[in-house]
Structure formats: C-alpha cells, structure tokens
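Beneath this line is the structure, given in structure tokens, with notes to follow.
The values are calculated or read from the model by the stated rules, or taken from the named source; none is laboratory data. Computed from a predicted structure; not experimentally measured. Neighbour counts run over all protein chains shown; Cβ positions are idealised from the backbone, glycine included.
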C-alpha cells in the first residue's frame, strides 16, 4: 500500500490517481458468483446477442465496485468512504481497458469531519465516460 | 403528456411498496471472495492478519459488498409486461462498517416510478431505496437504485 493521504494535503481541482481495469469474461463469471447476479447478458454470448447487445457486457454493479476501489485504494487505510454514486450511461465490454478517474470538487469541514467531494467516472478506450458519478469521503488531518 | 402504460393509479399504488426483508449472515470467506471477484487487493478486505492490527480491528466489507445479498426488490402491484431489465445507477450512503459475523437485513422501498419513450421503446424507470440494518439495529448503509424495464 502507498502511504496515507491526509485531508490537509489535498486541494480542490486535484486529480485522483487513475485506476486501470481490464475485466475478462472470467471476471464477470466470478462477479456473478460472488454477487449472486446471474443475469445471462453478463456471460452468455448468444443470450446477450439475442438481447440486442454486442456480446456479454459488464455488470453495472461491478463498475460500481471499480469506482469504490478507485476511492478506497487511494484513501486507505485511515480514510472512510461516506457516499458513492454512479450512473450507468454506456455499456462496457470485457477485454476493454477501463480507466477510473476523478477530480476533487470540494474540500470542507462538517462538524468534526474533514470531508472531500469528488467527481468520478469510468472511461472506455475511446475516452467516453460510460459511468459518471460522485463520491464523498472523510480523511484524517495532520 | 399522458403515459402509454402507467396510469396515475398504478403510480400511486407502486410508490411506497416494500419488499420482504432479505437476510444475510456475513462470512469472512464471502467478503474475501467478493474482493477477489472485483479484483480489489486492498488488505482491509483481504487479509485478516494485517487488518487485525489496522484501524478497523479486522477485515471489513468493501463498499459494494452488500450487492451480494442479491436482488432486494419490491413487487409491482400490477402485471409488468416489460420483461427486460437494465440497471440505471446506484447511490450509496455508508454509516457503519459491515463485518464478518454481522446479520444484515435488507428492505427495499419503491420511491418513484416513471415512464419515458426512449431508444428501447417504452421504458419504465423505478427508483428504489434499500436499507441495510445490522443485528445491533444500526442502518449500516442505504442504496438508492434506478432500474429500467423495457
């Protein structure tokens, strides 16, 4: 793990470290098993094509998990995720390298909590934001 | 503009509908398996030995682990003719960690239902909040989802 980041070190407008993921159909099967979401469009190519899809597509919730990792990997071990939102605007397919990115939109104190708001998103290889969202987390101060 | 499918009465009957509670006993092995499935190596949810001396005193669940309770969904109070489903998005709020040994009870409540004509024809958007409560009576997290039927 990298060293702990602190609230005091961050600035509005600062970018988050990029998280790269290249999910495979194998990972989609693992996610189906771990999450209990066995909808066939995520691993059965014929079924997906019959549903007007290009082939198996990523579970929205797996992309949600990638965005969770984008934040928690950065703020661990002492930071705490408070809110995580995303919208599934575009499909993502296994084999593509997806980049998780973000930028700090607000740095503030609420009660005794030192908080950061971010815009976050997943980007496909064409640079399109398939999964935009937001996050709020709390960090320790120095 | 009048809806092609949803009537005011159907909307009124749907908003506030609750699911049956769905329960999950959280096992350490399930947390680790979930973390592996999403490809997240963070020791906070993978490594009991190091997590034990960390800030949480043991492994905790990664942010979207509660999806593994499966679908927590209130039934529509009418026959739903659109059988294809898409997940529109998710909005989580976290209040307490989920730990191995926790007994989580999830209940879904429908907040809103709307209809739109889109690329896929008539689309029904349902906004649902799922509340996850632990055995101590604490709401550990809420998840507001939008699901699309078409």
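I need every pair where a residue in segment B:62-76 that is more than 8 Å from every other protein chain (Cβ to nearest Cβ) has its Cβ under 7 Å from the Cβ of a residue that is modelled with pLDDT of 95 or more and part of a helix (DSSP H, G or I), sequence separation at least 6 or different chains. These pairs meet every condition: B:65/B:31; B:65/B:34; B:76/B:14. Does residue A:46 count as more than 30 Å from residue A:115 (Cβ to Cβ) and more than 13 Å from chain B (Cβ to nearest Cβ)? So residue A:46 fits the description; yes. If the condition is being out of contact with any strand residue (DSSP E or B) (no Cβ under 8 Å at 6 or more places or on another chain) and touching a residue at least 24 places away in the same chain (Cβ under 8 Å), then segment B:102-119 contributes only B:118.
Would you check if residue B:113 is surrounded by 19 or more Cβ atoms within 10 Å (Cβ to Cβ) and more than 30 Å from residue A:79 (Cα to Cα)? When the stated conditions are applied, residue B:113 passes them. When we screen A:72, A:80, A:22 for residues that are surrounded by fewer than 16 Cβ atoms within 10 Å (Cβ to Cβ) and touching a strand residue (DSSP E or B) at 6+ places or on another chain (Cβ under 9 Å), the only hit is A:22. Taking segment A:4-43 as the range and being part of a loop (DSSP other than H, G, I, E, B), more than 11 Å from chain B (Cβ to nearest Cβ) and closer than 27 Å to residue A:75 by Cβ as the test, the residues that pass are A:5, A:6, A:10, A:11, A:12, A:13, A:14, A:16, A:17, A:18. Criterion applied to B:35, B:30 was being at pLDDT 95 or above and either over 20 Å from the mean Cα position of the chain (by Cα) or crowded, with 21+ Cβ neighbours inside 10 Å (or both), and the one residue passing it is B:35. Of all residues in segment B:44-59, those satisfying the criterion of being within 11 Å of chain A (Cβ to nearest Cβ) and surrounded by 22 or more Cβ atoms within 10 Å (Cβ to Cβ) are B:44, B:45.
The residues in segment B:132-141 that are assigned to a strand (DSSP E or B) and crowded, with 16+ Cβ neighbours inside 10 Å can be counted, and the count is 4. Evaluation of residue B:90 against the conditions (1) in contact with a strand residue (DSSP E or B) (Cβ under 6 Å, 6 or more places away or on another chain); (2) more than 19 Å from residue A:84 (Cα to Cα); (3) crowded, with 16+ Cβ neighbours inside 10 Å shows that the sole unmet condition is (2). For segment A:76-116, filtering for residues that are outside any strand (DSSP E or B) and either within 14 Å of another protein chain (Cβ to nearest Cβ) or without any contact (Cβ under 8 Å) to a residue 60 or more places away in the chain (or both) leaves 14.
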